[in-house]
Amino acid sequence: MSSLIKSLLRSIGVVLVVTFATFALMYGNAPGIAQSVLGLSASPESIQQKIMQLGLDRPLLVQYWNWIAGVVTGDLGRSYYTSESVSKALSNRVPVTLTLVLMTLGLTAIFSVLLGVFAAVKGGWIDRVVQWLSVLGTAVPGYVIAIVLVFAFAVMWRLFPATGYVPPHRNLTQWFMSLVLPVSALLIGAVAGVATQIRSAMLDMLDRDFVRTLRARGIDERLVLFRHVLRNAAAPGLTALSLTMIALLGGAVFIELVFALPGMGQLANASAQISDVPMVMGTVLVTIVLVLATNLLADIGVALLNPKSRS
Amino acid sequence: MTPPLLSLKDLVVGFPTRGGHTNVIRGVNFDLAPGETLGMVGESGSGKTTIGRAILGLAPVRGGSISFRGRLISNISRAERRSLAGDIQAVFQDPYSSLNPAMTVESILVEPLAAAGVEEGTARVRELLDAVGLPSDAGSRYPREFSGGQRQRIAIARALALRPSVIVCDEPTSALDVSTQATVLKLFRDLQQATGVAYIFISHDLGVVSNISDRIAVLYQGEIMEIGEAAQVTAEPRHPYTKRLQLAAPLADPRKQRARRLQRQALAKAG
Amino acid sequence: MAAHSATVAPVAPIRRESTLLQLLRNRQGLIWLSYLVLLVAVALLAPTLALYDVNVTDLAATNAKPFTPGHPLGGDGAGYDIYSRLIWGSRQTLIAVLIVVSVSAAIGATSGLVAGFYRGIFETAASFVSDAIMSLPGVVLLIALYAVTGPNLPAAMGVFGVIVAPTYYRLVRSIVITVRKELYIDAARVSGLSDLRIVGRHVLWAVRAPIIIHSSFIMAAGIGIESGVSFIGLGNPAAASWGTTLQRSFNGIYNNPWGVVWPSLLISITILAFVLLGNVLSDVLQSSSRNKVLSARQRRSVIARSAAVIGEVATAEPSKDSILSIRGLRIGYLTPDGEVREVVHGVDFDLRRGEIHGLVGESGSGKSQIAFATLGILPREALVLDGSVFLNGEDLMADPRKMRAARGRRIAYIPQEPMSNLDPSFTVGAQLIYGLCAVRPMSRPEAREILLALLQRVGIKDPERVMKMYPHEISGGMAQRVLICGAVASEPDIIVADEPTTALDVTVQAEVLDLLRELSEERGLAMILVTHNLGVVADLCHTVTVMKDGRFVENAGVEQIFDSPSDPYTVELLRSSRSVELMEIAS
């Protein structure tokens, strides 16, 4: 239990440090921000006025405190441009990103376990495929895979829509079709990473003394594999998946841009280009909370799997 | 009576654990005379290795004292400890882990000399290799090119480099095959005769310890059960634990071993 | 005193080459290293190689197809010449990579070194920070940075360096912690070396190779992030970079689909170069001497090849009065250079019902290999080159189904290390009951009853409680009793015990030997006892086989072996063993 509290404290610490650092940088660069909100032709007076209007002239700690106080009450501030509420904007965007990421994560879990286990147990060609996939998955960035997919399936063969997003309640089929390419683009890299880790966790377990003893006891090979080896390789596999979840949240930023998906990565990116700081801070906060939730779930899962933490 | 070389008084060694300390050594006393071999025998958890590490300054002393030639050496600073390198040396159990695989035998042997600022270098290395029975061209080779017994000879040469007066030998033969063990034990005895070095010889094997020791201390759960002349401890053990240890060690002779087994089983029934 | 020289076997000195030389000797290493050298050259010679200056645009070249005159790779969406922009962009890529790798290595490796060597407060704090940073998607932080500072490549790459620094920290720290436990560090302390010298001579050496390998992967990540950040528009739009070229070409993908191909290829191949170079480096610097695992087909061909060398072996018959007969068993391993190294050279062996047979030898004599082969549980790399294992006259080696049917039912196994031979994830009771039900058809309550009684029999006082415990909660001696209980529960005829008491204290060893003897007598169990300890043999065995270098040197009844050994090796073993034996006790 203490490890859960630790990771909770750690995440809160991260939130505070990152958001404070952002505020500090913003405080130091107030004229720059005002300028980018107003445009290059703005006069020094209007810039000064904008700074006052946005409240960037107040002391750093006061600004920060106000923001924190807002966060606690669920108010993440308003956009510098549209005055749209940040929380409202996010509530439209987060579901898109979560759909993308969780769908990919689920498929990653299925494919990685299948590939990793077969590669470790059977060896041979499937093992070589997994090893090559892992090299390619690390070498080709997600956005390049995404572009290749657009190039092949949308531009050349026109099988899937290249860009755009259709909400599921409007048209389920189109929603599904609009997600096929983005999910595939994220999936390849994720499976490459997780499958190799599951493969090596399995190989590690297969080399353990107790596996030899179980075999010597006459227990069927399949049972040794599925009841004992897989069970012991589950904890490292779960950890790999939770790290993948964090990587997917980052990767989604690129993928949403390529496929024009209205997710929070796209929101963060677009807001950053125009220095709409409250929007960016909002997405950073939501991302950290999602990461925190992932880590907590993974910690609980690993603790449940490990008998040493139970006693 | 010569004054003791090494003297342990009410030694307590402990390690921090969750919510406090666990004392692994709980009040151990003994003296070591110059040129003597004191064997320390015990099973796992007896603390025999920890005593050796405390003497070497590698385990924290929480009570009592260790002195060398009358000078207190427990809980001294790292700099002071370094000045003891020429007096107290060590040979460890695992000859694979105790030699840095990236260094040639020569640089392994030169290391303590260089640290002490001794200049004689290569000549001394040849002398040391000869003393432990390794060919003089061994210096340019790497530890992995040697067998377990040969590696242990390199480790012994390193311990001898600064001509110490005590060597703490922590299970130096337990990782070796029986036939290698016998020759390495003989080497230890020969070197003692030639140089007059004293040994603290730690082992789980009462047989090995009795083969090389002048006196033997029997340890159990951090305390000395019995300490005395080697012949007395092995032939007429006073403490019941020593007797159990003694009778549990199997003899390489079926008839004698049958007799010993019956004796042990009788003792177990009586106890 | 040089009389011991005779024990030194001549060993050929091992050749050592510089890492660079080894890298160049490797085909992959040569290819990818040359590629990267070429890339650096291109970046340096950009002014001569590029067709246009950095900021030259040509409206006519907007989304131009490849091989348009004057624009070999075509033009991007803003009218830049793709070829020239990619050449110029290599400069930014290399600068970015250098910033990332130097910032992250400097911070991560240094803090990892200090944390691993001194532990304590610094380690706690550094690990906390490292875990915190690791739990964030780096891109999101870079976006936040951009929002408040605008385009600033060095700052962004510096921050990315900090974000990936924990990977160095973790790597270096864990290696240093392992190295610190090595006895050669203790030996260096005892030799009077200062901390600085220990770190410099011993610790740095150990972390050097992993840092180099890891840097290769970090540089790959650096390229990915630099191009990616430029691609999503967080770079300086005026500066030439692979990412902005990709972005512009992507925006014009419907007008000129081929425009995206060049930057995509360049980015991917360059990252691939670093990744594969990292793999080659790790092969070269951390070459392991592990034996090769073979596929079924390779296995058959190797065995056939070795059989051709040996020639036809006379088909051997099992002995009539033996329960178990081994005939002509040869086991080998494939070395990295493709040779078969034979470790057991054709041995014959017979075991009668109820006989306890000691298999004695020193390390590397092949005794454990024979034990594993009997059960069909040799490591995956092992090759059974030839031979038969007959159980009651049936060859188990020839028929895997018969081997499976015998294993655990007719022949059971007791391992050497009790603690590592129990599955850590299941309670003692769960794995015992499950194991028994798997080989003997019975209900779980029935199995439980049998096992409770048997646990009591093997000397466990409170079997109900022990059954509920996990392996890490019981002692080594108790774990070995549990394993013995598991082996005996299926009522086998034969037990193969591989050094069953070596990991135990001598007093526990004596009790376990008593237990094995009693169980053998009660149940008429035959036993193959693999051991290096002649005392254990004298205590337990009826017959003895002495092994050396994969061959049997002597085989006889226990009293004959100990009273009048015939082979000089046996004589030598006995002499060494008795030299450290205890004298008779005066009772």
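The values are calculated or read from the model by the stated rules, or taken from the named source; none is laboratory data. Since the model is a prediction, treat every value here as computed from it, not as a measurement. All Cβ positions, even for glycine, are placed from backbone atoms using ideal geometry, and neighbour counts span all protein chains on display. Areas reflect the complete protein model, heavy atoms only, side chains present, ligands, DNA and RNA absent. Shrake-Rupley method; radii C 1.70, N 1.55, O 1.52, S 1.80 Å.
Some notes on this structure:
- When residues of the stretch A:106-117 are limited to those that are within 15 Å of A:Ala234 (Cα to Cα) and without any contact (Cβ under 8 Å) to a residue 40 or more places away in the chain, the one surrounded by the most Cβ atoms within 10 Å (Cβ to Cβ): A:Leu114
- Residue list for the stretch C:241-258, filter: surrounded by 24 or more Cβ atoms within 10 Å (Cβ to Cβ) and either facing another protein chain (nearest Cβ under 10 Å) or part of a loop (DSSP other than H, G, I, E, B) (or both): C:Ser241, C:Gly243, C:Leu246, C:Gln247, C:Ser249
- Residues in the stretch C:503-555 that are within 19 Å of B:Leu245 (Cβ to Cβ) and in a loop (DSSP other than H, G, I, E, B): C:Ala503, C:Leu504, C:Asp505, C:Asn533.
So that you can scan it fast, the table gives a plain yes or no per residue for (1) open to solvent by less than 80 Å² (accessible area, probe 1.4 Å); (2) within 14 Å of chain B (Cβ to nearest Cβ); (3) at pLDDT 90 or above:
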| position | (1), (2), (3) |
| --- | --- |
| C:Met1 | no, yes, no |
| C:Val8 | yes, yes, no |
| C:Leu24 | yes, no, no |
| C:Leu33 | yes, no, yes |
| C:Ala41 | yes, no, yes |
| C:Leu44 | no, no, yes |
| C:Asn55 | no, no, no |
| C:Asp58 | yes, no, no |
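- Note on the stretch C:356-427: enclosed strands (runs of 3 or more DSSP E) holding 3 or more residues that are over 21 Å from C:Ala487 (Cβ atoms) are C:382-391.
- Flag for B:Gly45 being assigned to a loop (DSSP other than H, G, I, E, B), under 25 Å from B:Asp214 (Cβ atoms) and at pLDDT below 95: no
- When the stretch B:33-54 is filtered for residues that are surrounded by fewer than 23 Cβ atoms within 10 Å (Cβ to Cβ) and aliphatic (A, V, I, L, M), only B:Ala33 remains.
- C:Ala503 vs. criteria closer than 30 Å to C:Met419 by Cβ, more than 9 Å from every other protein chain (Cβ to nearest Cβ), in contact with a strand residue (DSSP E or B) (Cβ under 8 Å, 6 or more places away or on another chain) and in contact (Cβ under 8 Å) with a residue 60 or more places away in the chain: no
- Among the residues examined, A:Val229 qualifies as open to solvent by less than 30 Å² (accessible area, probe 1.4 Å) and in contact (Cβ under 8 Å) with a residue 24 or more places away in the chain.
- Hits in the stretch A:76-85 - residues which are open to solvent by 80 Å² or more (accessible area, probe 1.4 Å) and either in the same structural domain as A:Leu267 (by TED's automatic domain parsing) or assigned to a loop (DSSP other than H, G, I, E, B) (or both): A:Tyr81, A:Thr82
- Taking each residue of the stretch C:179-202 that is more than 9 Å from every other protein chain (Cβ to nearest Cβ) and looking for partners that are in a helix (DSSP H, G or I) with beta-carbon atoms closer than 6 Å, six or more apart or interchain, yields C:Val179/C:Val203; C:Val179/C:Ala206; C:Ile198/C:Ala188.
- Members of the stretch C:331-340 found to be touching a residue at least 40 places away in the same chain (Cβ under 8 Å) and open to solvent by 20 Å² or more (accessible area, probe 1.4 Å), listed by number: C:Thr335, C:Pro336, C:Val340
- Matching option when the condition is among the acidic types (Asp, Glu) and within 22 Å of B:Pro4 (Cβ to Cβ), among B:Glu111, B:Glu80, B:Glu106: B:Glu80
- Residue match in the stretch A:241-253 (condition: of a type in the set (S, T, N, Q), in a helix (DSSP H, G or I) and not assigned by TED's automatic domain parsing to the domain that holds A:Ser36): yes
- The residues on offer are B:Arg71, B:Arg26, and the sole one that is within 23 Å of B:Leu206 (Cβ to Cβ), at pLDDT below 95 and open to solvent by 20 Å² or more (accessible area, probe 1.4 Å) is B:Arg26.
- Scanning the stretch A:244-279 for residues that are farther than 23 Å from C:Met134 by Cβ, at the interface with chain C (Cβ under 7 Å from one of its Cβ atoms), at pLDDT 90 or above and in contact with a Gly (Cβ under 8 Å, 6 or more places away or on another chain) yields a count of 1.
- Any hit, the stretch B:92-101, residues being aromatic (Phe, Trp, Tyr), buried (at least 18 other Cβ atoms within 10 Å of the Cβ), within 8 Å of another protein chain (Cβ to nearest Cβ) and under 22 Å from the mean Cα position of the chain (by Cα): yes
- The condition of being open to solvent by less than 60 Å² (accessible area, probe 1.4 Å) and more than 10 Å from chain C (Cβ to nearest Cβ) holds for only one of B:Ala85, B:Ala59, that being B:Ala59.
- Total residues in the stretch C:360-411 satisfying the condition of being surrounded by fewer than 19 Cβ atoms within 10 Å (Cβ to Cβ), among the aliphatic types (A, V, I, L, M) and within 14 Å of another protein chain (Cβ to nearest Cβ): the figure is 1.
- B:Ala175 under 17 Å from the mean Cα position of the chain (by Cα) and modelled with pLDDT of 95 or more: no
- In the stretch A:30-60, residue farthest from the other protein chains (Cβ to nearest Cβ) [restricted to those that are open to solvent by less than 50 Å² (accessible area, probe 1.4 Å), outside any helix (DSSP H, G or I) and at pLDDT 80 or above]: A:Ser43
- Residue within the stretch C:147-157 that is crowded, with 20+ Cβ neighbours inside 10 Å and modelled with pLDDT of 90 or more present: yes
- Residue match in the stretch B:212-230 (condition: at the interface with chain C (Cβ under 8 Å from one of its Cβ atoms) and open to solvent by 30 Å² or more (accessible area, probe 1.4 Å)): no
- Within the stretch C:373-415, tally of residues that are touching a helix residue (DSSP H, G or I) at 6+ places or on another chain (Cβ under 8 Å) and among the polar types (S, T, N, Q): 0
- Failed item, numbered, when C:Asp350 is tested on (1) among the acidic types (Asp, Glu); (2) assigned to a strand (DSSP E or B); (3) touching a residue at least 40 places away in the same chain (Cβ under 8 Å): (3)
- Applying a threshold of 8 Å to beta carbon distances and a minimum spacing of six or more residues, or different chains, the list of pairs starting in the stretch C:541-567 at a residue that is under 11 Å from C:Gly361 (Cβ atoms) and open to solvent by less than 10 Å² (accessible area, probe 1.4 Å) and ending at one that is assigned to a loop (DSSP other than H, G, I, E, B) and small (Gly, Ala, Ser) reads C:Val546/C:Gly361; C:Met547/C:Gly361; C:Met547/C:Ser365; C:Met547/C:Gly366; C:Gly550/C:Ser365; C:Gly550/C:Gly366.
- Residue in the stretch B:118-134 that is farther than 25 Å from B:Asp205 by Cβ, touching a residue at least 12 places away in the same chain (Cβ under 8 Å) and outside any helix (DSSP H, G or I) present: yes
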